[in-house]
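Chemist: Got a structure for you, questions after.
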Amino acid sequence: MADPADTETSEAPAAAPGGHGSHGGQGAHGSHGDDGWFDKPKNMRLFLWSLYAACALTAVADFIIHKHPHFAIEETPVFYGWYGFVCFAGIVLIGQHLRKLLARPEDYYDG
């Protein structure tokens, strides 16, 4: 029978205090109490309202600025916004199905 001291063990290295790898239980942002800019609701609201205002100004400008379209559909108000949204949504939907074809099992790289 082999001596247990001679056998190699495949134990993982011990985690740092706190049990979460080398972060010591601090998580993704650390334990310093400093949240990111977007973690504060006030800043998130400011960002979203700024985004809404930019979208609204762009839509209003589309009615004011004279365009030189190549195709008749480009004369439709806010055409480029709708076109961009439809293309983005299409890419997301195609990506969901493409993932099914290209995805690897969860333990693919474990060896």
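The values are calculated or read from the model by the stated rules, or taken from the named source; none is laboratory data. These numbers come from a predicted model, not from an experiment. Please note: Cβ atoms are built from the backbone with ideal geometry, for glycine as well, and neighbour counts cover all protein chains shown.
Chemist: So for region 96-110 (the condition being modelled with pLDDT of 90 or more, outside any loop (DSSP other than H, G, I, E, B) and of a type in the set (Ser, Thr, Tyr)), does at least one residue qualify?
Modeler: No.
Chemist: Still on this structure: State yes or no: is GLY81 touching a residue at least 24 places away in the same chain (Cβ under 8 Å) and either part of a helix (DSSP H, G or I) or out of contact with any helix residue (DSSP H, G or I) (no Cβ under 8 Å at 6 or more places or on another chain) (or both)? Reasoning before the result, please.
Modeler: Values: touching a residue at least 24 places away in the same chain (Cβ under 8 Å): yes; either part of a helix (DSSP H, G or I) or out of contact with any helix residue (DSSP H, G or I) (no Cβ under 8 Å at 6 or more places or on another chain) (or both): yes.
For GLY81, the condition - touching a residue at least 24 places away in the same chain (Cβ under 8 Å) and either part of a helix (DSSP H, G or I) or out of contact with any helix residue (DSSP H, G or I) (no Cβ under 8 Å at 6 or more places or on another chain) (or both) - is met.
Chemist: Can you pull out the residues in region 46-72 that are surrounded by 10 or more Cβ atoms within 10 Å (Cβ to Cβ) and either over 29 Å from TYR83 (Cβ atoms) or β-branched (Val, Ile, Thr) (or both)?
Modeler: THR58, VAL60
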